[in-house]
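Before any comments, here is the structure.
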């Protein structure tokens, strides 16, 4: 499975259900934000240790994996609708971040603006 | 470039800057939600037609592509920290959705719960 | 009931349950974003007409009111922790918005940046 | 200034600019989520101590107050459009939470589901 496979599978999934009319950019961006909120809900009150411990259990891991999957699904679908190549975009963004935060300058500095 | 390549590249990016200590699940999930909000901001007031028209211009397309990239970057980094295989998780979720919304039942029905 | 009453009631509610230790700015801002996501979920697939129709029913109205209440509760609690006067802050922001978007200039102009 | 005053002021603000047509439930809920994301961005990488220290400075406090104001403004405007009384809704929700989490049971228990 690759991002391209996933794109095609989601395209077919929507077509088979006649759901393309709901998959507008606005609705898909809403769905992405809703899923990001659901993911965040899993981490709402715990410490990082508690979060990692829970994610290491079968049930806890499956629950979080499902939220990550939902985010990816809407992200891939939205990119498809908008004609954007996700991996290309990520590659360009990493290159821009590397210029903005050169490793040898960032290392050892106070990390106010860390990513 | 694949999701696996991206995972490794982001792992190296964080290590080179000594940023692993900031990349806790909670912080990364916050960043993902922040980026989902920034993406949504692009679509805040426009109609779907306006959104698609703007995304079809070089500048408009690049701006949205950058937000999608940010979401993907934090998503991939978070999945890595949690030891979750994103594409596997998406595949399982699509299978579950297919059982929950059988194409022949959904098609033609009122679309209350459409995805 | 006023915002000040609500502030005091939520302070007491947390104290009675020994929950102050969970009510850090980060956790409360997460909760606020989670609730904003849940609210958005109600409006995810519908048109504005469908959303207004549903909100006008007793059940639909109560469901949305509960999400709005959750957002307000976390907002008020967070403002209290940070020592911020919410109504003062809103008043200042409206004054700033009025300077930024003068009514006689905005009216009739294309509404690209409408708030 | 009360919530009712704020409601009327925002109603007038929108009317004076001919912005009512943009203030649909969907757009306002998007705006609320966008602002919740901007607020979260202020708390993205810091510890709770750092966040509280920064909020205690004039500039840091003003920046966070502005984000809280934006959330309140969209929340109040959305409640107005939907015909929901925010303070009533919050009052009902607190009563429901008090039944769900009785103080004497919660106190001293492990805080898995703390609010």
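Please treat every number below as a calculation from the coordinates, not as lab data. Owing to the predicted nature of the structure, the values given are computational and were not obtained by experimental measurement. Using ideal geometry, Cβ is built from the backbone for each residue, glycine included, and neighbour counts are taken over all protein chains shown.
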- Task: Mind checking which chain A residue has its Cβ closest to the axis relating A to C, and how many whole Å off it is?
- Result: A:37, 1
- Query: At residue B:104 and residue D:92, where each label point lies 7 Å from the Cα along Cα→Cβ, what is the point-to-point distance in nanometres?
  - Reply: 4.4 nm
- Rotationally averaged projected area of the protein assembly as shown (alpha carbon convex hull; nm²): 22.3 nm²
- Item | Fluctuation leader among D:80, D:16, D:70 - chain D, Gaussian network, Cα springs under 10 angstrom | D:16
- Message: At 222 nm, what value in deg cm²/dmol follows for chain B if DSSP H runs of at least 4 each add -39500 (n - 2.57) and the sum is divided by all its residues, to the nearest 500?
- Response: -24000 deg cm²/dmol
- Item | Average other protein chain Cβ within 10 Å of Cβ, residues D:9-19 | 5
- Query: Comparing A:20, A:49, A:66, which has the greatest mean-square fluctuation in the GNM of chain A with Cα pairs linked when under 10 Å apart?
  - Reply: A:49
- Message: Could you list D:21, C:107 so that the one with the fewest beta carbons within 10 Å of its beta carbon is first and the one with the most is last?
- Response: D:21, C:107
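Exposure proxy check: D:26, A:93 ranked by fewest other beta carbons within 10 Å?
A:93, D:26
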- Task: Take the alpha-carbon centre of the stretch C:62-99, take the same for the stretch D:45-92, and report the distance between them in whole Å.
- Result: 4 Å
- Query: For chain B, what is the per residue volume of the convex hull drawn over the alpha-carbon atoms, in cubic angstrom?
  - Reply: 164 Å³
- Would you please state which residues of the stretch D:11-30 a label at residue B:49 would reach in this model, taking the label point 7 Å out along Cα→Cβ and a backbone N cut-off of under 13 Å? none
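Over chain A, what is the mean sequence separation of C-alpha contacts under 8 Å (at least six apart), divided by residue count, expressed as relative contact order in percent?
After rounding, I find 34 percent.
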- Item | Size of the stretch C:55-98 as Cα extents on the principal axes (Å, biggest first) | 36, 29, 9
- Message: I want to verify a result. In a Gaussian network model of chain B, Cα cutoff 10 Å, which of these has the top mean-square fluctuation: B:33, B:103, B:62?
- Response: B:103
